[in-house]
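Read the figures in this text as sums done on the coordinates, not as results from a lab. These figures come from a predicted structure and were not determined experimentally. FYI the Cβ positions are ideal-geometry reconstructions off the backbone, even for glycines, and counts take in every protein chain you see.
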């Protein structure tokens, strides 16, 4: 009788849950270790004083990725989750009081742009066709395939991409490409914003990232009826049903290896260190943290290379319980800065929180009234923040809070300070402490360069036999669907080996 391989997964984020479920379905013994007291990682929740907040990602795209995971497991997604398509993907507010609704209906959205800016509706439609072409040429190779398996580069889909490299627009920046389609600064700023979806700078990130706009506008944006954390709960319950064993409040302190072959883990459980033997380890943990802290080896080629790469941006988040209902706001809202380029200079060059930040406000109580007391709303208020680099975060926090309140008051015409009855905050330092993310970055490395997609950590370790990576800092990247795909690719690589 063949002995079943024992697999350890480090981190109960969405990527780790995804990998664990697939391996358990295929008969592997899977143990999942999480340093916190519940699953979720960055996709967590806060429930206090009658308010509930999702703490991390707030928009769901590519729901077919989640549906496929349930189907693979012999389950129906409808028995676990309720997905609702958004009619308005986001409401954009500009300093001059212009409001643009990013309707999910592309025709309606194009007309909105033509009404509110000097750009024609046809330009929007052409732009989204361009974004769709990038997706068609890159998705199979860049999203759905394992970069560490060279055979994937010889598949017909990959060769098609490589032979039409110019059509994926890798040699222009996102801003340059957007400026070639549109004349109005408002439209350009709206589409430049999508670089922040993976913590990057639109003035440096390759235009290939305009694939994101296709995913959101042509494939659609969704909300989860009970909030994003309901996805975590659904995958946690599915994993338990398939036999995954969970160990919470269990901090992995070392990946044990002998002559670059994985042998197991050293785990701190309630102050007691335990050695656990495993054949395979999947690190759903920050890549830099894994090399430096878990493998205790920063001298391998991969570790040296990765440590030199620029981290993605981080975030400053305020969770506000707000008195009253604000009919002017939608589920997802953006209050833009006056000078977008300066905002990214502040973030990536000066490495400070922007003086004039773009403010994102997510209000889940707009669709799930139980997330806030009656006649109140739960505001998740976020700005992009630099990765950690010797900043004084107490000063940055107070400065950012003042700037955010000033912007909200100016653009929305309200005195928001008098409406806040509850507040919790999240800083880059707190993100690093709670998730072990290198320098508090949200997405591992930034995509501020033409080769970004190729230098991200591959699924299968080159140096350590039996070690695999998944999650937001590994291939294919951050965001709900991509980390779930990352877990899928890790599980498939383990099964293939």
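The base-10 log of I(q)/I(0) for the range 343-440, evaluated at q = 0.15, 0.19, 0.23 Å⁻¹, reads -0.69, -1.02, -1.27 [Debye formula, identical scatterers on Cα atoms, solvent excluded]. Averaging Cα coordinates gives a centre for the range 1-44 and one for the range 48-89; these two points are 20 Å apart. The gain in end-to-end length when the residue 164 to residue 38 segment is fully stretched comes to 40.9 nm, 0.36 nm per residue minus the alpha carbon separation.
Each residue in 114, 451 was given a count of other beta-carbon atoms within 10 angstrom of its own, and listing them fewest first yields 451, 114. From the square roots a ≥ b ≥ c of the eigenvalues of the alpha-carbon gyration tensor of the range 106-219, which class results: rounded (a/c under 1.5), prolate (a/b over b/c), or oblate? Verdict is prolate for the range 106-219.
An oblate overall shape is assigned to the range 219-372, the ratio a/c of its alpha-carbon gyration tensor axes (a ≥ b ≥ c) being 1.5 or greater and a/b not exceeding b/c. Using the Cβ-Cβ distance between residue 418 and residue 171 with R0 = 45 Å, the FRET efficiency computed as 1/(1 + (r/R0)^6) comes to roughly 0.35. The separation of the range 254-273 from the range 131-147, counted between C-alpha centres, amounts to 36 Å.
With contacts taken as Cα pairs under 8 Å and at least 6 residues apart, the range 202-288 reaches a relative contact order of 14 percent. Only helices enter this figure: runs of n ≥ 4 DSSP H residues, each worth -39500 (n - 2.57), summed and divided by the residues of the chain, yield -9000 deg cm²/dmol at 222 nm to the nearest 500.
Among 346, 279, 299, 54, the order by Cβ neighbours within 10 angstrom, fewest to most, reads 299, 279, 346, 54.
Both radii are taken from the alpha-carbon atoms of the range 321-363; with Rh as the Kirkwood radius, Rg/Rh is 1.12.
For the chain, the longest principal axis of the Cα atoms and the long axis of helix 480-496 meet at an angle of about 20 degrees.
Ranking of 422, 344 by neighbouring Cβ atoms within 10 Å, starting from the fewest: 422, 344. Helix 63-72 and the longest principal axis of the C-alpha atoms of the chain enclose an angle of approximately 30°.
Counting pairs of alpha carbon atoms under 8 Å apart in space and at least six apart in sequence, what relative contact order in percent does the range 106-219 give?
The value is 31 percent.
Once the C-beta distance of residue 355 and residue 292 is scaled by a Förster radius of 30 Å, the resulting FRET efficiency is 0.35 to the nearest 0.05.
If a/c stays under 1.5 just call it rounded; otherwise compare a/b with b/c (prolate if a/b is bigger, oblate if not). Do that for the range 12-68, with a ≥ b ≥ c from the square roots of the Cα gyration tensor eigenvalues.
It is oblate, given that a/c is not under 1.5 and a/b is not larger than b/c.
Which of the peptides 330-343, 240-253 is most tightly packed, and how do the rest follow, judged by the mean count of other Cβ atoms within 10 Å per residue?
With the highest mean Cβ count within 10 Å placed first, the list reads 330-343, 240-253.
Computed FRET efficiency, Cβ-Cβ of residue 341 and residue 260, R0 41 Å: what is it to the nearest 0.05? After rounding to 0.05, the efficiency reads 0.35. Can you give me the Cα centroid spacing of the range 225-248 and the range 370-401 in angstrom? Distance between centres, Cα-based: 27 Å. Taking all Cα pairs closer than 8 Å and separated by 6 or more residues, the relative contact order of the chain comes to 23 percent.
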